[in-house]
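**Q** Structure incoming, see below.
The values are calculated or read from the model by the stated rules, or taken from the named source; none is laboratory data. All of these numbers come straight from a predicted model, not from anything done at the bench. Counting neighbours? That spans all protein chains shown, and the Cβs are built from the backbone with ideal geometry, glycine included.
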């Protein structure tokens with residue numbers, strides 16, 4: 001599984017534009033056959049600080065994503081709304097490694 005976290009700082013005057021663009025892009029990414037998860041979150045402490053969490057089945061699915069028309073659009077459009085170059089953590093995890101429940105917390109029903 002490919003596990004990706006991207007930190008994106010959005011210009012205050014472009015926040016609404018970013019939200020429209022990332023919403024469009026998120027739907028397109030989630031429709032990809034190898035996509036397992038794609039969500040964009042905004043910091044509760046600082047408006048304009050976003051994090052994208054994405055998972056792909058494998059490196060081939062990740063490569064298909066990067067080469068897709070919508071990803072190419074996003075990569076070309078994103079510089080117009082950010083205040084700095086986004087940063088990324090990219091991990092190609094071994095087979096069998098996936099999301100697991102957090103042992104320290106149990107939901108109260």
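**Q** For the stretch 67-94, which positions are over 12 Å from the mean Cα position of the chain (by Cα), under 22 Å from residue 17 (Cα atoms) and in a loop (DSSP other than H, G, I, E, B)?
**A** 68, 81, 83, 84, 85
**Q** Of all residues in the stretch 9-29, which are assigned to a strand (DSSP E or B) and out of contact with any helix residue (DSSP H, G or I) (no Cβ under 8 Å at 6 or more places or on another chain)?
**A** Of everything in the stretch 9-29, just one residue is assigned to a strand (DSSP E or B) and out of contact with any helix residue (DSSP H, G or I) (no Cβ under 8 Å at 6 or more places or on another chain), namely 9.
**Q** Condition test on residue 105, is it exposed (fewer than 11 other Cβ atoms within 10 Å of the Cβ), at pLDDT 95 or above and in a loop (DSSP other than H, G, I, E, B)?
**A** So residue 105 does not fit the description; no.
**Q** As an exercise: evaluate residue 48 against (1) touching a residue at least 24 places away in the same chain (Cβ under 8 Å); (2) surrounded by fewer than 17 Cβ atoms within 10 Å (Cβ to Cβ); (3) at positive phi and give the number of the one condition it does not meet.
**A** (2)
**Q** Residue 51 fails exactly one of the following numbered conditions: (1) closer than 16 Å to residue 11 by Cα; (2) in a loop (DSSP other than H, G, I, E, B). What is the number of that condition?
**A** (2)
**Q** Out of all the residues in the stretch 67-98, which are surrounded by 10 or more Cβ atoms within 10 Å (Cβ to Cβ), without any contact (Cβ under 8 Å) to a residue 60 or more places away in the chain and under 19 Å from residue 30 (Cβ atoms)?
**A** Across the stretch 67-98, the qualifying residues are 68, 70, 71, 72, 73, 74, 75, 77.
**Q** Would you point out which residue out of 64, 32 is within 23 Å of residue 1 (Cα to Cα), in a loop (DSSP other than H, G, I, E, B), in contact with a strand residue (DSSP E or B) (Cβ under 9 Å, 6 or more places away or on another chain) and modelled with pLDDT of 95 or more?
**A** 32
**Q** Here is a follow-up. For residue 64, are the conditions met, namely being surrounded by 14 or more Cβ atoms within 10 Å (Cβ to Cβ), free of Cβ contacts under 8 Å to residues at least 40 places away in the same chain, more than 12 Å from the chain's Cα centre (by Cα) and farther than 17 Å from residue 23 by Cα?
**A** Considered against the rule, which asks whether it is surrounded by 14 or more Cβ atoms within 10 Å (Cβ to Cβ), free of Cβ contacts under 8 Å to residues at least 40 places away in the same chain, more than 12 Å from the chain's Cα centre (by Cα) and farther than 17 Å from residue 23 by Cα, residue 64 comes out as yes.
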